[in-house]
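What follows is a short report on a single structure.
The values are calculated or read from the model by the stated rules, or taken from the named source; none is laboratory data. Values in this document were obtained by computation on a predicted structure and should not be read as measured data. Note that each Cβ is placed from the backbone with ideal geometry, even for glycine, and that neighbours are counted across all protein chains shown. The accessibility values were calculated without ligands, DNA or RNA, using every heavy atom of the protein model including side chains. Shrake-Rupley method; radii C 1.70, N 1.55, O 1.52, S 1.80 Å.
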Amino acid sequence: MIKLKNTLCLLIRNLMSLQSIKKADTGQKFRLGIISYRKRLLDKDNLYGAHKVLIDALCDEGFIWDDDPGRLVLTVTQRVANKSSGEKVRTQIIRNPVDRII
């Protein structure tokens with residue numbers, strides 16, 4: 001898991017640099033939407049658990065400030081992938097800053 005997290009951190013860091021995405025400000029709150037495209041759908045607890053390492057990497061690289069429920073509204077959804085994409089999992093991440101968490 002450590003090797004996967006380190007790889008994700010490197011990818012996130014590079015993408016943030018390439019796309020000029022600034023790091024989250026101290027204590028900043030976000031809505032984070034993750035859409036997972038899968039051939040085989042997961043039940044909800046496994047779907048959220050499958051993204052734990054990714055969310056931790058997003059925190060480590062400053063994409064989001066913290067994954068604490070007081071700082072982050074997290075939504076993870078899944079959609080059926082095209083048959084041509086095979087067993088690959090593709091994830092889309094949407095980040096929106098918010099003033100307060102409801």
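If you add up the charges near LEU58, with Lys and Arg at +1 and Asp and Glu at -1, over every other residue whose beta carbon is less than 9 angstrom from its beta carbon, what do you get? Once all neighbours under 9 Å are counted, the net charge is -3.
Note the listed values (i) 0.98; (ii) 0.93; (iii) 1.20, then indicate which one is Rg/Rh (Cα atoms, Kirkwood Rh) calculated from this particular structure. Computed from the coordinates, Rg/Rh (Cα atoms, Kirkwood Rh) corresponds to (i).
For the chain, a crude dipole built from +1 on the beta carbon of Lys and Arg and -1 on the beta carbon of Asp and Glu, taken about the Cα centre, is about 480 debye to the nearest 20. Positive end of the dipole of the chain (Cβ unit charges, origin at the Cα centre): among LEU8, GLN19, ASN82, the Cα lying farthest that way belongs to ASN82. Could you give the angle, 0 to 90 degrees to the nearest 10, between helix 2-18's Cα long axis and the longest principal axis of the Cα atoms of the chain? On a 0 to 90 degree scale, this one is about 70.
In the chain, a dipole from Cβ-located charges (positive for Lys and Arg, negative for Asp and Glu) runs towards its positive end, and of ILE55, VAL73, ILE93 it is ILE93 whose Cα lies farthest in that direction. For the pairs LYS23/LYS83; LYS29/LYS52; LYS29/LYS83, note any where the Cα-Cα span goes beyond 28 Å. Long pairs (Cα-Cα over 28 Å): LYS23/LYS83; LYS29/LYS83. Taking the Cα atoms of the stretch 29-79, the ratio Rg/Rh between the radius of gyration and the Kirkwood radius comes to 0.98. Highest-first packing order for the peptide set 61-71, 37-47 is 61-71, 37-47, based on the mean count of other beta carbon atoms within 10 Å.
In the context of the full set of protein chains, the chain has a per residue accessible area of 69 Å² (1.4 Å probe). Taking every alpha-carbon pair under 8 Å whose residues sit at least 6 apart, the stretch 1-91 reaches a relative contact order of 45 percent.
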